[in-house]
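Peer 1: First, the structure itself, so that you have it in front of you.
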Amino acid sequence: GSAYLPVGNMEIFADRIIINMESSDFEASGNLRIYRWQDGSVSAPLSRIARMERDADLLVKEVTSQVSPLGERTYTAKYSFQTDRISADKVTGNINTSYFTMHNPVVRYMTFICKAGYGIRTPDGVLTMHDAEVSACGYLESDNAHYSIAASTIKITPHAARFYHLKDAKFDIGDSSVLLFNGVVKVYGIPVLWLPAFYKPKEENLGLFGIRYGKNGDLGYYFNF
């Protein structure tokens, strides 16, 4: 009725959890929620650290101060923050590897929401969602999104940091926060545009994106997201 299972840097809550103590395999079902926590640190003024302490999804664990040779005092906060939030009908996986499969998952990932018929999470945190739909519109959870992108497969790669600055951005080849092929843009559930491919770079911004018409190129007409 109120089961709890820690798996790596995640917490799983469900009505029922079955665990094989020999293989470390588990199955969770019923009112299922998964939360992922990540550690980090940031140098910030006390006013910003005070705002962090009021954030319900963030736990400030330690604050230290340093004084420079010129007498300037700076502050560093070590914290844990809640990132991915997943609900599903059922999850099966392994405690040691943090690999698991999800049935009818709904993922809240930064400012994105993704719904799917079936999903897989690998030990590196990458989510591969099948028969899926993704949007920055919260109404997607109630199947009434103002806009969304549907695709047979959507790959979501987790961010490495909560605080985003250009100097922190890492643009590795093949690295993405959202990658999909053969997608369809929907407006109020109506298909309006076919997307052969869609790519949103990892850690480029806070997860928001807009649509801007491009121009003719070697690969045809394109849109900037």
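The values are calculated or read from the model by the stated rules, or taken from the named source; none is laboratory data. All of these numbers come straight from a predicted model, not from anything done at the bench. Cβ sites come from the backbone with ideal geometry, for glycine too, and all protein chains shown count toward neighbours. These accessible areas exclude ligands, DNA and RNA; they are computed on the full protein's heavy atoms, side chains included. Shrake-Rupley method; radii C 1.70, N 1.55, O 1.52, S 1.80 Å.
Peer 1: For segment 112-142, give me the residue count where each residue is assigned to a loop (DSSP other than H, G, I, E, B) and closer than 12 Å to PRO158 by Cα. Step through it out loud before you land on a result.
Peer 2: Step one: list which residues in segment 112-142 are assigned to a loop (DSSP other than H, G, I, E, B), which gives 122-126, 136-137.
Add one more test, that the residue is closer than 12 Å to PRO158 by Cα, and what stays is 122-126.
Adding up the residues that qualify gives 5.
Peer 1: Go through segment 153-190 and give me each residue that's at pLDDT 50 or above, over 30 Å from VAL60 (Cβ atoms) and hydrophobic (A, V, I, L, M, F, W, C).
Peer 2: Scanning segment 153-190 gives ILE154, LEU179, LEU180, PHE181, VAL184, VAL185, VAL187, ILE190.
Peer 1: For segment 67-109, which strands (runs of 3 or more DSSP E) that fit wholly inside it have 2 or more residues that are of a type outside the set (Phe, Trp, Tyr) and touching a residue at least 40 places away in the same chain (Cβ under 8 Å)? Walk me through it before giving the result.
Peer 2: Working: elements: 73-94, 100-103, 106-109.
Per the criteria, 73-94.
Peer 1: Looking at segment 33-71 only, could you name the residues that are charged (D, E, K, R) and at pLDDT 85 or above? Give the steps one after another, and end with the answer.
Peer 2: Going residue by residue through segment 33-71, those that are charged (D, E, K, R) are 33, 36, 39, 48, 51, 53-55, 57, 61-62.
Within segment 33-71, ARG33, ARG48, ARG51, GLU53, ARG54, LYS61, GLU62 meet the criteria.
Peer 1: Something else now. Can you tell me which residue among ALA14, ALA56, ALA28, ALA50 is out of contact with any strand residue (DSSP E or B) (no Cβ under 7 Å at 6 or more places or on another chain), of a type in the set (A, V, I, L, M) and closer than 30 Å to PHE100 by Cβ? Talk me through it step by step, then tell me what you get.
Peer 2: Working: ALA14 fails: out of contact with any strand residue (DSSP E or B) (no Cβ under 7 Å at 6 or more places or on another chain); ALA28 fails: out of contact with any strand residue (DSSP E or B) (no Cβ under 7 Å at 6 or more places or on another chain); ALA50 fails: closer than 30 Å to PHE100 by Cβ.
None of the other options fit; the residue is ALA56.
Peer 1: Provide a single number: the residues in segment 67-84 that are open to solvent by 60 Å² or more (accessible area, probe 1.4 Å) and touching a Lys or Arg at 6+ places or on another chain (Cβ under 7 Å).
Peer 2: Adding up the residues that qualify gives 2.
Peer 1: Same structure again: Take PRO6 and tell me if it is surrounded by fewer than 15 Cβ atoms within 10 Å (Cβ to Cβ) and over 21 Å from ASP89 (Cα atoms). Even if it seems obvious, please write down each step before you answer.
Peer 2: Working: surrounded by fewer than 15 Cβ atoms within 10 Å (Cβ to Cβ): yes; over 21 Å from ASP89 (Cα atoms): no.
So PRO6 fails the test.
Peer 1: Return yes when ALA28 is at pLDDT 85 or above and closer than 18 Å to ILE120 by Cα and no when it is not.
Peer 2: Details: at pLDDT 85 or above: yes; closer than 18 Å to ILE120 by Cα: yes.
The answer is yes for ALA28.
Peer 1: What is the one condition in (1) buried (at least 20 other Cβ atoms within 10 Å of the Cβ); (2) touching a His at 6+ places or on another chain (Cβ under 8 Å); (3) within 21 Å of ILE19 (Cβ to Cβ) that ASP89 does not satisfy?
Peer 2: All conditions are met except number (1).
Peer 1: Let me ask you something else. What residue, among those in segment 28-66 that are more than 22 Å from the chain's Cα centre (by Cα) and under 21 Å from ASN9 (Cβ atoms), is most open to solvent (accessible area, probe 1.4 Å)?
Peer 2: Here the residue is LYS61.
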